[in-house]
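First the structure, in the form of structure tokens, and then the observations on it.
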Amino acid sequence: MKFSSMVGKIAATSMAVAVVASPVLVSEANAVEPILGHVMDKEHIFHKVSEKFMTRLDELSDGQMKISYHPGGDLGDWTSIVEQVSFGSAQMTMSWNHSELDPRWDVSALGYVVSDWEKGKAIYGPGSKMEAVYNEILSDLNMVLLGTIPTDYTGFVVRKGVDVPVNFPEDAKGFKMRVPAMPMLLERYKTTGFSPVPMAFSEVHTALQTGAIDGRAYSPPSEVLLFKDVVSTYVNTRENFEHTFWLANKDWFNSLSADERNWIRTASKEATDWAWSVAESESAVWLQKIRDAGIEIVELNPEQLAKYKQIVVDVEYPYMENVIGKEVMDDIREAAGIQ
């Protein structure tokens, strides 16, 4: 993937930071324990990465830098926590692209860029050129990127008692699909035949129970079992390679001492490196857990998948080019093998 022209315009943040030999006194900026909050439970990779980060941070700082950790959404919905980090009332979070803050961020959800895990890591992982794109977006939102965390390829779940769509757009007619409030994804699911329903993640389970929605889109395997009592099927379209964002408030981060920034950069890099090393094997584990829970996994046949992919690419790539620019999108098309 050639990003040479783009990189000349967008400054990348280096993730390779030397570990300091001897800790110094923690700065006044960190007199109060910084908050790391996210919405996922202790089975999710967010929690496992957080634990590795906090353990390593404790070692690097010789116990001087502690984190106030809030998993499970006790600080609010994930969009709310991202906004708290942007404003500075919380210092760190792990989350998805919050395109209501900046529509350019939707580029991370672009469909069918990645065909395998190796390419996913090369395009979106540690040291990738896409980090430069994300850092420009996040800097404008008063945040810095500590790393990307892979979750998996995504598909959609179908609630019990509803016919499973496999031919698009015809089968999706009248199917009420919950989507995140991302303009590009609204276009994706409208064009593939669904009736998209923007909805907060916290409301999805109840909406599936009551029939207010028929399915939840943009779901990696690790999140299917959150709705195991109300869904019958997981349609594994593998429509985008979901990678998530470890964010820090820029003002807070820049106010830390050089040693403190180094501790955080080093600990977060090691934790995200670990996440990328285990993500593919974890995917297989989650797919088996779905089967063990009695939820059917449906794979589209080659003809169905090719048609679905073409619909997604035809609507999303021109849409995103108008948002983020032709230069970036030309590089993404080249990486995806799409003309």
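The values are calculated or read from the model by the stated rules, or taken from the named source; none is laboratory data. Computed from a prediction, not measured in an experiment: that's the story for all the values here. Here Cβ is always computed from backbone atoms with ideal geometry, including for glycine, and neighbour counts include all displayed protein chains.
Tabulated values for the structure
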read-out	value
Per-region count, region 277-324, residues part of a helix (DSSP H, G or I) and either under 24 Å from Ile149 (Cβ atoms) or of a type in the set (D, E, K, R) (or both)	26
Pairs where the first residue, in region 296-312, is of a type in the set (D, E, K, R) and the second is outside any strand (DSSP E or B), C-beta under 6 Å, 6+ apart	Glu299/Asn236; Lys309/Tyr112
Residue match in region 278-292 (condition: surrounded by 13 or more Cβ atoms within 10 Å (Cβ to Cβ) and among the small types (Gly, Ala, Ser))	yes
Residue within region 241-250 that is of a type outside the set (Asp, Glu) and either without any contact (Cβ under 8 Å) to a residue 40 or more places away in the chain or in a helix (DSSP H, G or I) (or both) present	yes
Test: residue in region 90-99 that is outside any loop (DSSP other than H, G, I, E, B), surrounded by fewer than 17 Cβ atoms within 10 Å (Cβ to Cβ) and outside the structural domain of Ser222 (by TED's automatic domain parsing)	no
Residue check, Ile123 at pLDDT below 95, in contact with a helix residue (DSSP H, G or I) (Cβ under 7 Å, 6 or more places away or on another chain) and not assigned by TED's automatic domain parsing to the domain that holds Ala200	yes
Test result for Asp273, without any contact (Cβ under 8 Å) to a residue 40 or more places away in the chain and in a helix (DSSP H, G or I)	no
Number of positions in region 186-204 that are of a type in the set (A, V, I, L, M) and in contact with an Asp or Glu (Cβ under 8 Å, 6 or more places away or on another chain)	1
Boolean, Asp102 is buried (at least 23 other Cβ atoms within 10 Å of the Cβ) and under 25 Å from Ser202 (Cα atoms)	no
Test: residue in region 296-316 that is crowded, with 19+ Cβ neighbours inside 10 Å and among the small types (Gly, Ala, Ser)	no
Residue in region 171-182 that is touching a residue at least 24 places away in the same chain (Cβ under 8 Å), more than 26 Å from Gln310 (Cα to Cα), part of a loop (DSSP other than H, G, I, E, B) and among the hydrophobic types (A, V, I, L, M, F, W, C) present	no
Extreme residue, surrounded by the fewest Cβ atoms within 10 Å (Cβ to Cβ), among residues of region 184-214 that are touching a strand residue (DSSP E or B) at 6+ places or on another chain (Cβ under 6 Å) and within 17 Å of Tyr308 (Cα to Cα)	Ser195
Residue within region 214-234 that is farther than 24 Å from Asp273 by Cα, assigned to a loop (DSSP other than H, G, I, E, B), modelled with pLDDT of 95 or more and in contact with a Phe, Trp or Tyr (Cβ under 7 Å, 6 or more places away or on another chain) present	yes
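Okay, residues lined up against (1) surrounded by 16 or more Cβ atoms within 10 Å (Cβ to Cβ); (2) within 14 Å of the chain's Cα centre (by Cα); (3) assigned to a strand (DSSP E or B):
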| residue | (1), (2), (3) |
| --- | --- |
| Tyr134 | yes, yes, no |
| Ser139 | no, no, no |
| Thr148 | yes, yes, yes |
| Asp152 | yes, yes, yes |
| Phe156 | yes, no, yes |
